[in-house]
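Everything on this sheet refers to the single structure shown next.
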Amino acid sequence: MAERAARTEMEAVLQAAEPVTRSVWLMERAGERLGLPVEHIHELVAPQEVTVFRVPCKILGQVVNFWGCLALHNSARGPFKGGIRLAPDVTIWETTELARLMTLKCALCDVEFGGGKTGIRVDMARMYERFGRTPRDLAFEKIISLDAIEYFAQQYRDVFLKHHYIPAPDMGTGPDEMAFIYNETLDPASVTGKAEGVHGWLPGRKESTAVGCAYVTLRVLQETLGRDPVEATVALQGFGNVGRPLALELASAGVRIVAVTDLYGGTHHPSGLDVDGLLEHFGETATVGGFPGGEPIDNAGLLALPVDVLIPAAAGDVITGPVAGQLRARCVVEAANMPTTVEGMTVFEQRELPVVPDILANAGGVIASMLEYSSSLSAIKPTQTEVYDIVRRKIGENFDLARSLAASENLSLTQASVELAVQRVYGVMKGRRMI
Ligand code: NAD
């Protein structure tokens, strides 16, 4: 990698250059187009605060130390907000990038939060080895994730109580883990994505990311591809908190889900999978692999299928340059955070392939989190229908704005979305004399 001067304090402290990430790449291009001074673009990119911590947990009679990182990127437009990711490979840079994405997502979808993120390095495979366990045992994995969150929440209780950073679920966590944060703070507004019935929970929060993603997918199918949903095909990577309700939403609109993969396997049926049956199979086996209603397929096969829409709803960086070059889908809807690398995005721009960026496609979760937060403060709970309506309205309005900016300025939808977000964050930073 070519030498260059440290661009942020964090780079100087770590004595390492941040890898080229998609949000930095996109924000720098947006800042240049908007004519912002270079030093202001750096201020927009730089995180406010990054903390590295260890979480010593007592799990089943042993002490296990997990490494973690809390990245608080920007709070110009509201409290730092973002999920907690439990995964074996989280890093400072990944967590920082995810926090920056939250800043952009909240600004683009008009949510009064800033951007933050937590990554805790939990390697389930190593936990199985350490505790001498086989085969896969979901109850065991739940003990690990709940214990990690409980001890993390004890360490960060005051941060949550001040609503300085308000956590939510991400990969590896869900409503149960958020309930454990509530157990520690006893403040319903200190965390969102709480399990049903827990003080301050929100009807529809769990499905809201999928509801927003399905809404924008159906609009793209009809308005961009000119395709009737009942004739359309979708390939879906990931069958977790986002993927499962998303498959149901799309199937209920008549869309054929022809393939689904997860970490443990995949299933494919060219004329459409029986989604109810697949959910039942998943309920029994915790994977889509081995589903009797389809043929096995792996990730590489899924990513190359000739479908109308490819929806990555799992890990990041799965669509690299070569994958993007070979993709036969007519459009990509990024349900996952940053599933496409910079090289992949460059290929998409060259191919002029329609892409709905993550900061629009998966914003339903944080829009509902905003409603959960505000209703926790006011104790007036919206209904599930109201939550879904607001999710669709906010995504729809900003999809329209980004699409017309893209058309008038000859930008991709991703570039236009980032430009709108950067403009909004920059405007408030200027107004608050933060820049
Ligand atoms: P999850 O942990 O509930 O599920 C992840 C799914 O992806 C699982 O099915 C897992 O097996 C699969 N998976 C992981 N790595 C994979 C790989 N390499 N290949 C194939 N499948 C793989 O996570 P989630 O909450 O559903 O989040 C999925 C994505 O959506 C993440 O990128 C997350 O950041 C993003 N997201 C989630 C929410 C939310 O509300 N949960 C909101 C916005 C964005």
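Structure notes:
- Of all the numbered requirements in (1) more than 10 Å from the ligand (Cβ to nearest atom); (2) in contact (Cβ under 8 Å) with a residue 60 or more places away in the chain, V255 misses one, and that requirement is (2).
- For A315, the stated conditions hold: it is surrounded by fewer than 21 Cβ atoms within 10 Å (Cβ to Cβ), modelled with pLDDT under 95, on the phi < 0 side of the Ramachandran plot and near the ligand (Cβ under 10 Å from one of its atoms).
- Residue within the range 404-424 that is aliphatic (A, V, I, L, M) and not in a helix (DSSP H, G or I) present: yes
- Selection within the range 382-395 - under 14 Å from A210 (Cα atoms), open to solvent by less than 80 Å² (accessible area, probe 1.4 Å) and not charged (D, E, K, R): V387, Y388, I390, V391, I395
- Close pairs from the range 23-41: first under 14 Å from L420 (Cα atoms), partner polar (S, T, N, Q) and open to solvent by 50 Å² or more (accessible area, probe 1.4 Å), Cβ under 7 Å, at least 6 apart: L34/Q423
- Extreme residue, nearest to K394 (Cα to Cα), among residues of the range 340-358 that are without any contact (Cβ under 8 Å) to a residue 60 or more places away in the chain and within 16 Å of the ligand (Cβ to nearest atom): V355
- Inter-residue pairs, beta-carbon under 8 Å, first touching a residue at least 12 places away in the same chain (Cβ under 8 Å) and under 14 Å from A253 (Cβ atoms) and in the range 201-218, second in a loop (DSSP other than H, G, I, E, B) and more than 9 Å from the ligand (Cβ to nearest atom), 6+ apart: V211/G204; A214/A253; T217/V255; L218/A253; L218/V255
- Of all residues in the range 210-250, those being more than 16 Å from the ligand (Cβ to nearest atom), open to solvent by 40 Å² or more (accessible area, probe 1.4 Å) and either aromatic (F, W, Y) or farther than 17 Å from R392 by Cα (or both) number 6.
- So F140, is it more than 20 Å from D358 (Cα to Cα), open to solvent by less than 30 Å² (accessible area, probe 1.4 Å), more than 21 Å from the chain's Cα centre (by Cα) and among the hydrophobic types (A, V, I, L, M, F, W, C): yes
- Some residue of the range 56-69 being in contact with a strand residue (DSSP E or B) (Cβ under 9 Å, 6 or more places away or on another chain), open to solvent by 50 Å² or more (accessible area, probe 1.4 Å) and within 16 Å of the ligand (Cβ to nearest atom): no
- Candidates M178, M171, filtered to the one that is within 12 Å of the ligand (Cβ to nearest atom), free of Cβ contacts under 8 Å to residues at least 60 places away in the same chain and farther than 25 Å from Q415 by Cβ: M178
- Residue match in the range 359-374 (condition: open to solvent by 40 Å² or more (accessible area, probe 1.4 Å), touching a residue at least 12 places away in the same chain (Cβ under 8 Å) and within 12 Å of the ligand (Cβ to nearest atom)): no
- E284 being charged (D, E, K, R) and within 16 Å of the ligand (Cβ to nearest atom): yes
Residue by residue, here is whether (1) modelled with pLDDT under 95; (2) in a helix (DSSP H, G or I); (3) within 13 Å of G68 (Cβ to Cβ) holds:
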site	(1), (2), (3)
P135	yes, no, no
I144	no, yes, no
Y151	no, yes, yes
R157	no, yes, no
A168	no, no, no
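- Selection within the range 353-391 - modelled with pLDDT under 95 and either of a type in the set (F, W, Y) or outside any helix (DSSP H, G or I) (or both): A379, I380, K381
- Filter pass, G277 being among the small types (G, A, S), away from the ligand (no atom under 14 Å from the Cβ), part of a helix (DSSP H, G or I) and within 30 Å of R100 (Cα to Cα): no
The values are calculated or read from the model by the stated rules, or taken from the named source; none is laboratory data. Source: prediction; values computed, not measured. Cβ: placed from backbone, ideal geometry, glycine included. Neighbour counts: every protein chain shown. These accessible areas exclude ligands, DNA and RNA; they are computed on the full protein's heavy atoms, side chains included. Shrake-Rupley method; radii C 1.70, N 1.55, O 1.52, S 1.80 Å.
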